[in-house]
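J.: So that we are looking at the same thing, I have put the structure below in structure tokens.
Read the figures in this text as sums done on the coordinates, not as results from a lab. All of these numbers come straight from a predicted model, not from anything done at the bench. Don't worry about glycine lacking a Cβ; one is built from the backbone with ideal geometry, like all the others, and counts go over all protein chains shown.
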Amino acid sequence: MADVALKPDEVRLRNVSDELGYLANEGKRKGIAAWILSTDHKRIGILYLVSLFSFFIVGVILGVLMRLEMLAPGGKLFNAQEYNALFTLHGVIMIFLFVIPGIPATLGNFFLPIQIGAKDVAFPRLNLLSWYLYVTGAIVILLSLFQHGLPDTGWTFYIPYSVRTGTDVTMAVFGVFILGFSSILTGMNFLTTIHRMRAPGMTWFKMPLFVWALYATAWIQVIATPVLAITLLLIIVERLFSVGIFDPSKGGDPVLYQHLFWIYSHPAVYIMILPPMGIVSEIIATFSHRTIFGYKMVAMSSLAIAFIGYLVWGHHMFVAGMTNTADFVFSLLTFLVAIPSGIKVFNWVATMYKGSIDPQPPFLYVMAFIALFSIGGLTGLVLGSLATDMHVTATYFVVGHFHYIIFGGGVFIFFGALHYWLPKMFGRMYNRRIANWALGVIFVGFNMLYFPMLLLGYEGMPRRYFTYLPQYETLQRISVVGSWVLVAGLALMLTNLLRGIFKGEKAGPNPWGGTTLEWTTPSPPPAENFEEIPVVDHEPYYHPEAEEPEELEAAK
Amino acid sequence: MSELIQAGSVSGKISSPEGSRSGDHGIRKDAERAKIGMWLFLMTELLLFAGLFLVYSVYRYLHNVDFHRAGLETHTLLGTLNTMVLLTSSLTMALSIAALRTGKKRLSVSFLASTILLGFVFLVVKYFEWSSEILGGIYPGSPVLLNRSNGEILFFGLYYTMTGLHGLHVIAGLAVLCFMLVLILRDKITMDDYVKLENAGLYWHLVDIVWIFLFPLFYLIN
């Protein structure tokens, strides 16, 4: 950025950015207490970031171990019970401790108030409480491992096995219940913040699209999570008192458990994917140097996805024994989700058209996202259609599809967003060449790992088995090697980012030429985000040089 | 400039006091904000119970006659008494807020104390009700109950689960109300700043409303 001529106000910002901003300890507390007792949304975001990535690394290690088991058939590394525990832990940790809190709790916490020009979220102390609940839930889940053996039910805790198994499901389920509480508080906090704390002039349709995505996500968190809470409580009640609500011998219905579980857990998929979609809109607009195409449609499509997504849970249960009518209706509704999703993708592409594209690392992550998410989406159609679903359900095909959506879609954008916002959060820039190389390695490793799974599933390899028939050996081995490549890429990426945080060169307030409010404040932002509360008088992605060249001339 | 603030719709009203924020990071008095948060929280509570109401309606549809038969055995009299107790406690709760709003602190405290008292009465009645049923051999997994039809097993399973969860909410509500009582006595809640008491009241009304739905489903079904 040094060779670009600076405008006077940028010089001023640059001087301020030499300071540590919110990273400097101002209060009377010192050391770690200044972090874990802070109600500053930025510090809480970082607390979440550190906790989430710690669990992410644990989840990755468990995943790699599961793959390692598949190097040869016969279960040479782990026996069946140990493998059951592995996929349960991998699922519970990755879903409930990483992707569901995911972007909202980390980057959402950090950037939502800044993007709407506020000094903090609506309830800062509640925000800190939600982090403590997250940590408590995580500890309770970890404690469950040491009581009566590792939980072995899979992350879905399906009845009747979750009631019968001797492992400590009660504790694990209670941990997830606490995590749900944390998620609800974050959702409430964000909704109130967006309704009440926008800067002067920031009308609903001047909000950045990341904020819109967080808004839709927060509604899902608030509306869906209580249903999970009661479902989990019912498991505990069943285990402690054998009430019989899901027990057929007492008139109960195990399928009803699946309904209740997916009434939450399908919308939860949109908790995982809507925030990344919002970030994609941000990154594409910034690096195309154009305003987003069809802003209102993109904003509304988030709400539409949240709404329709609430009504499609049955597509997880096509083989569970629902009526044909229910199967048909859920399949149809599932296809409807493609409409708002398609609106987003077409508008993103239209934004790039005739844009002045600058292929920096965050933008390349978005490109990887579009490729992987398309594969995930298309395989989703196979699973959403009744006839084909019967063939591939409960096989590796589902595992492959799920990882293409959640990892290739959601988590890739989480990484991309870190590359986008890290210079803002810490004021320093990572090595961009290494970032690109890391992305390349991750992309290759990812496809080597998960594409063979789609093929394996199509050929009939069931999921959750600790061994396999000899005919699957080649594809299984490619997939195992893929997991090593992927881990190497992840290690390179994380090291590069960490090195950037501590040793990178100064990034300046606006390294990418972004137009949303976070780029108008120093990097890292001061404790109260802005020197004075900004007044918003234009759209979030207003690029005067791209839209009206003559007006810009006049301004000079 | 002023038009811009107006254009900010809801935010227009809120953004004016931004400058007058205290040094304490981000904690600023905004009663409206606290209420929005509370209503969202109440919604999550309703949805928590909604899951159980869903289960109830499915099984009642499947075991209509059994539910009717089992419903004859619940103590309608005690249920009615508890309904009256809880409704009265909602009234005293509302009166407590109204009294505080007009600056009558002592009146407010006594209304709040009677709310808490009525809450305890509810729990005591509930205790005797459950005791008599458990002594009669009807509790989850009991030999008496397991000899009954499936529908009756489910009815009593749901009865204990739903009234039990409601009971936990009454206990939580009482804890909150006791806390509010202390805050009023210490002048932390005053006639100028009573949103905490209002929110506690909203929570108490929620507990009441959930009971209003539980009452007919378990006591008046016969």
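J.: State whether the protein assembly as shown is rounded, prolate or oblate according to the following rule on the C-alpha gyration tensor (a ≥ b ≥ c being the square roots of its eigenvalues): a/c under 1.5 gives rounded; otherwise a/b larger than b/c gives prolate, and the remaining case gives oblate.
T.: Oblate, because a/c is 1.5 or more while a/b does not exceed b/c.
J.: Once label points are set 7 Å from the Cα along Cα→Cβ at both A:Asn25 and A:Leu381, what is their separation, rounded to one decimal in nm?
T.: Output for this residue pair reads 5.7 nm.
J.: Given points 7 Å out from each Cα along the Cα-Cβ axis, report the B:Lys188 to B:Leu123 separation in nanometres with one decimal.
T.: The answer from the label model is 2.0 nm.
J.: A further question on this structure: With just the Cα atoms defining each centre, how far is the stretch A:403-430 from the stretch B:78-138? Give it in Å.
T.: The stretch A:403-430 and the stretch B:78-138 have Cα centres spaced 52 Å from each other.
J.: Please name whichever of A:Thr286, A:Leu372, A:Ile159 sits farthest to the positive end of the charge dipole of chain A, dipole taken about the Cα centre and charges placed at Cβ: Lys and Arg +1, Asp and Glu -1.
T.: Value computed over the given set: A:Ile159.
J.: Amide H to amide H under 5 Å from A:Glu505: which residues, 5+ apart in sequence or cross-chain, H placed 1.01 Å off N in plane?
T.: Amide H neighbours of A:Glu505: A:Met429.
J.: For B:Leu202, put the label point 7 Å out on the Cα→Cβ axis and report which residues of the stretch B:34-64 keep their amide N under 17 Å from it.
T.: Output list for this probe position: B:34-48.
J.: About its Cα centre, what dipole magnitude does the protein assembly as shown give when the only charges are +1 on Lys and Arg Cβ and -1 on Asp and Glu Cβ, stated in debye to the nearest 20?
T.: I would put it at about 1120 debye.
J.: Here's something else I'd like to know. Of A:Leu179, A:Gly149, A:Ala213, whose Cα points farthest to the positive end of the dipole of the stretch A:38-551 (charges on the beta-carbon: +1 Lys, Arg; -1 Asp, Glu; origin at the Cα centre)?
T.: A:Gly149
J.: What average number of partner chain Cβ atoms lie no more than 10 Å from the Cβ of the residues making up B:135-142?
T.: Mean partner-chain Cβ count within 10 Å for B:135-142: 2.
J.: Give me the net charge of A:Ser162's neighbourhood, meaning all other residues with Cβ under 10 Å from the Cβ of A:Ser162; Lys, Arg count +1, Asp, Glu -1. Could the numbers behind the result be given before it?
T.: Working: positive: A:Arg164, A:Arg239; negative: A:Asp152, A:Glu238.
It works out to a net charge of 0.
J.: Follow-up question, since we're still on this one. Hey, can you grab everything whose amide H is under 5 Å from the amide H of A:Thr395? Only 5+ residues off in sequence or another chain; H modelled, so Pro and N-termini drop out.
T.: Those lying under 5 Å, H to H, from A:Thr395 are A:Arg463.
J.: Rounded to the nearest 10 degrees, what's the angle between the helix A:124-144 long axis and the longest principal axis of chain A, both from Cα atoms, 0 to 90?
T.: Compared with the principal axis, the helix lies near 30 degrees.
J.: Would you give the gap between the C-alpha center of the stretch A:440-512 and the C-alpha center of the stretch A:176-201, rounded to a whole Å?
T.: After rounding, the separation between the Cα centres reads 33 Å.
J.: Separate question: When the helices in chain A are scored as -39500 (n - 2.57) per DSSP H run of 4 or longer and the sum is shared across all residues, what 222 nm value do you end up with, to the nearest 500 deg cm²/dmol? If you can, show how the numbers build up before the last one.
T.: Values: 20 runs with 353 residues, N = 556.
That calculation yields -21500 deg cm²/dmol at 222 nm.
J.: How far, in nm, would the chain grow between B:Leu168 and B:Val58 when pulled straight, counting 0.36 nm per residue and subtracting the alpha carbon separation?
T.: Additional length available on full extension: 37.2 nm.
J.: On to the next question. What net charge is computed for the residues neighbouring B:Leu197, neighbours being all others with C-beta under 11 Å from the C-beta of B:Leu197, Lys and Arg scored +1, Asp and Glu -1?
T.: Summing Lys and Arg as +1 and Asp and Glu as -1 gives +1.
J.: Grab the other residues whose beta carbon is less than 14 angstrom from that of A:Phe335, score K and R as +1, D and E as -1, and report the net.
T.: -2
J.: With respect to the cross-link table entries A:Lys354/A:Lys503; B:Lys35/B:Lys105; A:Lys42/B:Lys35, which display a Cα-Cα separation exceeding 30 Å? It would help to have the intermediate numbers written out before the result.
T.: Numbers: A:Lys354/A:Lys503 37 Å; B:Lys35/B:Lys105 22 Å; A:Lys42/B:Lys35 25 Å.
Distance filter (> 30 Å) returns A:Lys354/A:Lys503.
J.: Hey, rough spin-label estimate for B:His68 and B:Leu107, points 7 angstrom out along Cα→Cβ, what's it come to in nanometres?
T.: With each label placed 7 Å out from Cα toward Cβ, I get 5.1 nm.
J.: Here's another thing I want to ask about it. Residue farthest toward the positive end of the dipole of the stretch A:24-171, with Cβ of Lys/Arg at +1 and Asp/Glu at -1: which of A:Thr136, A:Leu65, A:Leu89?
T.: Of the candidates, A:Thr136 comes out farthest on the positive side.
J.: Efficiency by 1/(1 + (r/R0)^6): what FRET value for B:Leu87 and A:Ala350, r their Cβ-Cβ distance, R0 = 56 Å, to the nearest 0.05?
T.: Details: r = 58 Å, r/R0 = 1.04.
My answer for the efficiency is 0.45.
J.: For the stretch B:162-222 and the stretch A:142-157, what is the centre-to-centre distance using only Cα atoms, to the nearest Å?
T.: Going from one Cα centre to the other spans 35 Å.
J.: With axes computed from alpha carbons, what is the tilt in degrees of helix A:254-288 against the longest principal axis of chain A, rounded to the nearest 10 within 0 to 90?
T.: The answer is roughly 30 degrees.
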